[in-house]
């Protein structure tokens with residue numbers, strides 16, 4: 001007789017329910033199963049109406065973020081057996097509006113992303129035929145960590161500032177801005193600063209540090225934000241002290 | 001089409017639900033106690049400045065149970081403040097020496113070393 | 001009562017937001033800011049399966065490498081089924097596309113002097129594979145997506161599932177799509193449509209592919225009258241993790257990893273792939289082409305020399321001699337994946353691997369500019385079959401393929417849209433029919449059958465019939481079984497009656513797409529009575545250039561079944577020869 005484990009899953013049908021409810025499912029407790037495997041088992045064998053996002057199942061696409069036992073996790077990278085004997089609470093990713101069952105509305109994040117201008121900004125573009133912009137391995141290392149973000153938004157789910165004030169630009173967006181600022185090929189730091197120096201920009205962050213703790217790709221967004229604050233402060237001091245010509 | 005998504009309410013007790021959140025709020029709270037101890041230190045200096053009578057008076061008051069409890073609690077918070085901020089410094093500051101990044105542990109150790117040195121100097125100043 | 005107006009009207013519409021789709025969108029937005037371009041995708045673009053590509057992207061850039069050699073490697077890799085004019089164009093443009101991506105921020109790994117680094121890859125005579133550690137697809141996709149955000153005019157329909165192409169009078173007028181969030185079904189009108197929806201690995205049970213790779217674009221084209229091409233050619237990547245099917249990149253072998261059987265023996269030397277050397281030799285042994293390596297596994301399995309594991313037979317990929325430093329620098333993601341999903345450390349342990357379905361050489365038949373026979377309909381990336389990959393694709397050719405043909409299709413679509421008449425309102429009737437059809441799917445009375453069982457049976461059928469080695473009998477039996485499944489699917493109910501985020505409905509629509517694709521794959525495989533590249537027939541074990549130096553097209557007949565026709569391969573300067581590796 002196979003071991004079983006109980007999943008306690010959030011259900012919400014926007015056209016029928018006024019608020020989310022729970023539904024319990026008993027699934028096999030297989031050693032190699034992730035929470036995502038368990039959810040897929042529910043969907044194909046027990047309840048075809050359960051809705052959730054997933055795609056790559058290898059922790060690179062960022063689709064399957066949910067709150068498992070209250071912690072933001074990638075369900076494809078979270079093993080069921082870690083929660084034995086259960087029950088395991090599976091809820092939609094925290095701090096985002098619930099669209100349906102385990103699916104959250106991430107439009108707020110999608111709107112914030114372009115605001116920080118996450119692309120190479122240059123005063124003058126070098127023609128492609130002239131070859132690549134030279135960048136040493138050391139220069140690549142300077143921003144590499146911050147380029148690893150898979151946009152899974154576990155950091156937003158973990159951030160109490162974002163939970164209390166959804167206007168906060170948020171960890172991933174700021175880390176991405178820092179990724180471009182530190183890229184030796186980019187010259188757009190000034191433009192991004194103007195966006196992030198606002199109240200809901202970097203200064204909204206109180207360095208709780210939860211974002212870094214939950215990040216599955218070790219991006220360290222908290223570090224990116226504090227470094228950005230330091231940079232912003234230095235810029236402000238410079239602007240104050242130096243005559244315009246020397247800035 | 002109207003937005004039928006559900007916004008989950010956040011309880012005022014959100015910070016008691018997770019150990020890391022609780023620690024964060026305590027860390028922030030510790031600044032109040034830092035402020036208190038700075039004030040207390042200034043009062044001590046003023047008492048010393050005003051002469052032996054004022055100083056004795058200050059010491060009497062310091063012995064009162066309320067103040068002792070307050071100062072012990074405040075000291076606890078100072079320790080928390082120090083340990084947490086020392087640990088967070090490497091995340092906020094990237095220090096490079098001759099092109100190589102100084103490891104976080106070294107930055108943290110450096111701060112404690114600095115603390116010891118400053119404490120030693122203060123101790124010497126006070127006891128000479 | 002009049003039909004609702006379309007959700008939008010555009011000059012060029014991209015279906016799919018991966019590397020090919022985004023590249024095409026940027027191509028249109030950059031070159032023709034006067035045109036209105038939009039991207040519709042069933043997932044947010046950064047979730048597209050491009051994101052999981054690991055190894056690298058090939059482009060001639062190193063000293064001593066020549067375009068001719070890359071062309072030859074690709075042609076011989078394709079077992080001479082690739083169209084040589086298309087391959088020539090592809091190889092010429094690949095380096096510039098990769099440089100363009102570099103300018104857009106892609107963090108290519110570098111040499112000490114700051115120039116882009118290249119590495120070896122399977123089937124390539126010279127080192128020409130650009131890489132971004134071992135997350136090349138991830139970095140490319142994010143660079144493309146973030147760059148696309150620069151062009152605020154590009155409208156995006158995120159999480160809209162396209163169910164039908166609107167075609168009238170031999171030309172395309174747009175699509176019908178379901179908005180997943182609300183369930184509303186509407187037309188998106190467009191003068192030109194580019195299909196870039198990736199492959200269809202999910203027709204098989206064991207694949208590196210993501211949940212989303214269900215051949216949607218291929219099915220859309222097929223039903224709209226645009227034929228599919230070379231559908232019998234399925235690439236089995238030699239090294240996938242057992243149970244999950246997660247890809248372990250070819251880059252491991254490029255860096256020097258060995259494939260060992262149960263006796264610790266580098267078995268590839270028994271299969272005319274050269275002699276083992278301590279460091280990798282290009283176009284030899286572990287750096288042979290993927291089809292030959294996967295075939296070698298089957299032979300080892302038949303000889304009883306593979307390793308038994310709880311999830312099927314495996315062989316071992318040995319990285320231990322590479323050292324932790326190299327693995328952490330060049331293959332960090334591989335190490336992470338093994339630790340997480342196999343609970344082993346490649347620095348000290350052998351990695352269990354087995355061949356896994358990975359890529360479709362076949363797809364929507366296009367010319368070198370991504371155009372299909374249906375006016376205004378284009379395709380690019382894995383969805384398309386130009387063909388540059390022929391009977392077998394070389395690793396690191398498909399990422400630049402997305403860029404080169406994404407750009408070409410974008411340019412061609414823009415030119416077409418620039419002078420085409422606006423989409424006709426007469427397709428409104430088609431839209432209403434489609435709305436009714438989909439709502440009908442939701443209303444079916446459920447029987448004791450399910451989309452999930454049909455999907456599982458389809459996958460089992462495909463594994464039996466269309467494995468690495470095929471035969472006529474298994475193929476015919478498989479085709480019959482698929483016909484039976486095709487009959488069952490329309491009768492299955494969708495229990496979920498909610499309009500919002502009805503993933504069960506999407507699953508049913510995807511299953512219908514996959515069944516159509518699977519049927520085409522088996523029909524073509526049955527007709528190709530030879531062995532070439534990734535299509536190996538035990539009943540026809542030799543390559544037959546006289547009868548089969550041709551592509552095979554699948555046209556959809558009125559009864560929904562695929563009719564197979566032949567199309568000659570374009571040979572320019574490289575007459576068919578023997579594929580030689582390791583000597």
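The values are calculated or read from the model by the stated rules, or taken from the named source; none is laboratory data. Because the structure is a prediction, the values reported are computed rather than measured. Cβ placement follows ideal geometry from the backbone for every residue including glycine, while neighbour counts extend to all protein chains displayed.
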Enumeration of residues in the range C:19-38 that are closer than 16 Å to residue C:379 by Cα, within 13 Å of chain A (Cβ to nearest Cβ) and either touching a strand residue (DSSP E or B) at 6+ places or on another chain (Cβ under 8 Å) or surrounded by fewer than 22 Cβ atoms within 10 Å (Cβ to Cβ) (or both): C:22
Being more than 22 Å from the chain's Cα centre (by Cα), under 26 Å from residue C:288 (Cβ atoms) and more than 10 Å from chain A (Cβ to nearest Cβ) narrows C:65, C:73, C:79 down to just C:65
Of the residues A:36, A:50, which is in contact with a strand residue (DSSP E or B) (Cβ under 9 Å, 6 or more places away or on another chain) and in a helix (DSSP H, G or I)? A:36
Residue C:156: surrounded by fewer than 24 Cβ atoms within 10 Å (Cβ to Cβ) and either within 22 Å of residue C:212 (Cα to Cα) or at the interface with chain A (Cβ under 9 Å from one of its Cβ atoms) (or both), yes or no? yes
Examine the range C:233-240 for a residue that is over 21 Å from residue C:581 (Cβ atoms) and either buried (at least 19 other Cβ atoms within 10 Å of the Cβ) or at pLDDT 95 or above (or both), and state whether such a residue exists. yes
Within the range C:105-129, track down each residue that is in a loop (DSSP other than H, G, I, E, B) and under 26 Å from residue A:180 (Cβ atoms). C:105, C:106, C:107, C:108, C:109, C:111, C:112, C:113, C:114, C:115, C:117
Give just the number: which of (1) modelled with pLDDT of 95 or more; (2) touching a helix residue (DSSP H, G or I) at 6+ places or on another chain (Cβ under 9 Å); (3) more than 17 Å from residue A:216 (Cβ to Cβ) does residue A:134 not satisfy? (2)
Being closer than 16 Å to residue C:457 by Cα and in contact (Cβ under 8 Å) with a residue 60 or more places away in the chain is the filter; apply it to the range C:484-508 and report the residue that is surrounded by the fewest Cβ atoms within 10 Å (Cβ to Cβ). C:486
For the range C:290-330: of the residues being modelled with pLDDT under 95 and assigned to a loop (DSSP other than H, G, I, E, B), which is surrounded by the fewest Cβ atoms within 10 Å (Cβ to Cβ)? C:310
Determine whether residue C:489 is within 17 Å of residue C:562 (Cβ to Cβ) and more than 8 Å from chain A (Cβ to nearest Cβ). yes
Does residue C:576 satisfy being in contact (Cβ under 8 Å) with a residue 12 or more places away in the chain and in contact with a strand residue (DSSP E or B) (Cβ under 9 Å, 6 or more places away or on another chain)? no
Residue check, residue A:201 against (1) buried (at least 24 other Cβ atoms within 10 Å of the Cβ); (2) under 30 Å from residue A:58 (Cβ atoms); (3) more than 14 Å from the chain's Cα centre (by Cα), all met but one. Which one? (2)
Just to confirm my filter: which helices (runs of 4 or more DSSP H) fall fully inside the range A:144-247 and include at least 1 residues that are within 21 Å of residue A:66 (Cβ to Cβ) and at pLDDT 95 or above? A:154-158, A:160-164, A:171-182, A:210-214, A:221-241
Specify the residue that is surrounded by the fewest Cβ atoms within 10 Å (Cβ to Cβ); the eligible residues are those in the range A:112-132 that are more than 7 Å from chain C (Cβ to nearest Cβ) and in contact (Cβ under 8 Å) with a residue 24 or more places away in the chain. A:123
Among (1) within 20 Å of residue C:103 (Cα to Cα); (2) more than 8 Å from chain C (Cβ to nearest Cβ); (3) in contact (Cβ under 8 Å) with a residue 12 or more places away in the chain - the single one residue A:85 does not satisfy: (1)
Identify all residues within the range C:454-466 that are touching a residue at least 60 places away in the same chain (Cβ under 8 Å) and either surrounded by fewer than 21 Cβ atoms within 10 Å (Cβ to Cβ) or over 28 Å from residue C:537 (Cα atoms) (or both); write none if there are none. C:456, C:459, C:460, C:463
If you scan the range C:168-184, which residues turn out to be within 26 Å of the chain's Cα centre (by Cα) and surrounded by fewer than 23 Cβ atoms within 10 Å (Cβ to Cβ)? C:171, C:179
Among the candidates A:82, A:141, A:47, single out the residue that is within 30 Å of residue A:193 (Cβ to Cβ) and either surrounded by fewer than 22 Cβ atoms within 10 Å (Cβ to Cβ) or in the same structural domain as residue A:220 (by TED's automatic domain parsing) (or both). A:141
Hey, among C:226, C:190, C:196, which residue is more than 30 Å from residue A:34 (Cα to Cα) and touching a helix residue (DSSP H, G or I) at 6+ places or on another chain (Cβ under 6 Å)? C:196
Here the residues within the range A:1-27 that are farther than 23 Å from residue A:105 by Cα, outside any loop (DSSP other than H, G, I, E, B), out of contact with any helix residue (DSSP H, G or I) (no Cβ under 8 Å at 6 or more places or on another chain) and in contact (Cβ under 8 Å) with a residue 40 or more places away in the chain are A:6, A:24
Just to be sure, is residue A:89 farther than 22 Å from residue C:504 by Cα and surrounded by 20 or more Cβ atoms within 10 Å (Cβ to Cβ)? no
If a residue has to be in contact (Cβ under 8 Å) with a residue 40 or more places away in the chain and either assigned to a loop (DSSP other than H, G, I, E, B) or in contact with a helix residue (DSSP H, G or I) (Cβ under 6 Å, 6 or more places away or on another chain) (or both) to count, how many in the range C:541-573 make the cut? 14
Go over the candidates A:96, A:109 one by one and state the one that is within 12 Å of the chain's Cα centre (by Cα), more than 8 Å from chain C (Cβ to nearest Cβ), in contact (Cβ under 8 Å) with a residue 40 or more places away in the chain and surrounded by 24 or more Cβ atoms within 10 Å (Cβ to Cβ). A:96
Picking from A:57, A:30, the residue that is touching a helix residue (DSSP H, G or I) at 6+ places or on another chain (Cβ under 8 Å), within 14 Å of residue C:244 (Cα to Cα) and more than 9 Å from every other protein chain (Cβ to nearest Cβ) would be A:30
